[in-house]
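Below: one structure, written as structure tokens.
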Amino acid sequence: MTLQHTAWRAPGTPGTVLGGVAIGELSTMPGADWPLQRLRAPLLCAGAAVLHEVWHTDGPVASGHSDGIHWRRADDVLWGVIELPEETCAATDDTSPLRAASQLVYERVFKLMRAQGTPHLWRVWNYLADINGESHGLERYRQFNQGRYTAFVQAQRDTGGQVPAACAIGVAAGPLSVAFLAGTSPLVPLENPRQVSAWNYPAQYGPRAPTFSRAALACPRGQEVLFVSGTASIVGHETWHAGDVAAQCEETVRNIEGMVREANRVARSGRPFSLEGLSHRVYVRHASDANAVQRALAPLLGGAPVVCVQADICRADLLVEIESQAIHPMPSA
Ligand code: 3EB
């Protein structure tokens, strides 16, 4: 099978679809008969109200609904999407609804992965409402981290090291929304020498550290995919350039560059990964910063495809976050 990442402006595409995401701010988001994540956030630099990004495959697919997860399986890859309104999750004395919802979502994902024989979680896209809001005495992003961490522990999975690439992003409203790619083969997790591993963040960032790798290489049959996780202006474990969106863009790109370098030390697909060869999704906290972000990034990303979305970042002092990916063919044996 092959996996392609393409963007287009209207639903409907040739080939077989594994799954995808619709990004935009329509009151009624488009539907699909394949698992589609809805990222309910304003597009900042597209000529359309809704943009689709779709993973294609050229082989046969199996689909299903399990525990609220809409999934599709093609050969050695599983794509799934789950939306869970946290209101449906009961709070207890020490568990907020969001924390409970986060744990439940990941428990369901791990259960499906076991059933499908795709035990390796490659990449996760997490979207939650009001990510910087506080309730139950804790910022909501930190509640999400608690629930995610607990699910990893209970599934007897690594909570540092062999963990997926990911992003965790805030939207105005809506259910907790998680999309994931899992596979039959292990990923190669990558860490950034400029940054403390997120799973090692000190307790000042919350009682449980985030469970993600800075980047990962995954190998669906015949291909090598580089997933660079959501990346921000963090050096060591600290936010740099608070209040300066252009400088945050530059620091973020330095971090992505670092990950591209790490990837090329271990990549097996031959042709090196490069900043210009990645496709990027940029989350901008303030829509009014969109032009400044585009001006800062244009000379750095060398004309690579960029999609800009207005969304909240998981630290209140971060103004921008960028995630990137590229798919390379493996040289045939
Ligand atoms: C950071 O570097 C920024 O919790 O899954 C980036 C990517 C971030 C993933 C996650 C969070 C996550 O800490 C935030």
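Which order do you get for Val235, Val54 if you rank them by accessible area with a 1.4 Å probe, largest at the top?
Values: Val235 25, Val54 0 Å².
Accessible-area ranking of Val235, Val54, largest first: Val235, Val54.
How would you rank 152-164, 256-268, highest first, on the average number of other Cβ atoms within 10 Å across their residues? Kindly include the intermediate steps, with their values, before the conclusion.
Numbers: 152-164: 15.8, 256-268: 17.4.
So the order, starting with the most tightly packed, is 256-268, 152-164.
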- Item | Sum of -39500 (n - 2.57) over DSSP H runs of 4+, divided by residues of the chain (222 nm, nearest 500) | -7000 deg cm²/dmol
- Restricting attention to the chain, give the cysteines that have no other cysteine Cβ less than 4.7 angstrom from their Cβ. Cys89, Cys167, Cys219, Cys249, Cys314
- Query: Under the Karplus relation 6.51 cos²θ - 1.76 cosθ + 1.60, θ = phi - 60°, what is the ordered set of whole-Hz ³J(HN,Hα) values for region 63-78, x standing for Gly and Pro?
  - Reply: 10, x, 10, 9, 6, x, 9, 8, 9, 9, 10, 10, 6, 9, 10, 10
- Message: Among Pro210, Val196, Ala263, whose Cα projects farthest towards the positive end of the dipole of region 3-329, with charges put on the beta-carbon of Lys, Arg (+1) and Asp, Glu (-1)?
- Response: Ala263
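Fully extended, how many nm does the chain gain between Glu276 and Ser332 (0.36 nm per residue separation, minus their Cα-Cα distance)?
Working: separation 56, 0.36 × 56 = 20.16 nm, distance 2.45 nm.
In short, 17.7 nm is gained.
Leaving out ligands and nucleic acids, and using a 1.4 Å probe, what accessible area per residue does the chain come to in Å²?
Values: 13010 Å² over 333 residues.
Per-residue value: 39 Å².
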- Message: Using a 7 Å offset from the Cα along the Cα-to-Cβ direction at both Arg265 and Ala62, what is the distance between the two label points in nm, to one decimal?
- Response: 3.9
- Query: Out of residues 5 or more away from Asp76 or on other chains, whose amide H comes under 5 Å of its own, with H placed 1.01 Å from N in the peptide plane?
  - Reply: Arg221
- In whole Å, how far is the Cα centre of region 154-229 from that of region 231-252? 20
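What does the charge dipole of region 3-329 about its Cα centre add up to, to the nearest 20 debye, if the Cβ of each Lys and Arg holds +1 and the Cβ of each Asp and Glu holds -1? Let's see the in-between values first.
On the way: 27 positive and 31 negative charges, 142 e Å.
For region 3-329, the charge dipole is close to 680 debye.
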- Note on the structure: Given a Förster distance of 30 Å, the FRET efficiency implied by the Cβ-Cβ spacing of Arg295 and Asp33, rounded to the nearest 0.05, works out to 0.15
- For every other residue with a beta carbon closer than 11 angstrom to the beta carbon of Val81, add +1 if it is Lys or Arg and -1 if Asp or Glu, then tell me the sum. +1
- Global geometry of the chain, whether rounded, prolate or oblate, following the gyration tensor of its Cα atoms and the 1.5 cut on a/c: rounded
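The values are calculated or read from the model by the stated rules, or taken from the named source; none is laboratory data. Since this is a predicted model, take the numbers as computed values, not measurements. Cβ atoms come from the backbone with ideal geometry, glycine included; neighbour counts cover every protein chain shown. These accessible areas exclude ligands, DNA and RNA; they are computed on the full protein's heavy atoms, side chains included. Shrake-Rupley method; radii C 1.70, N 1.55, O 1.52, S 1.80 Å.
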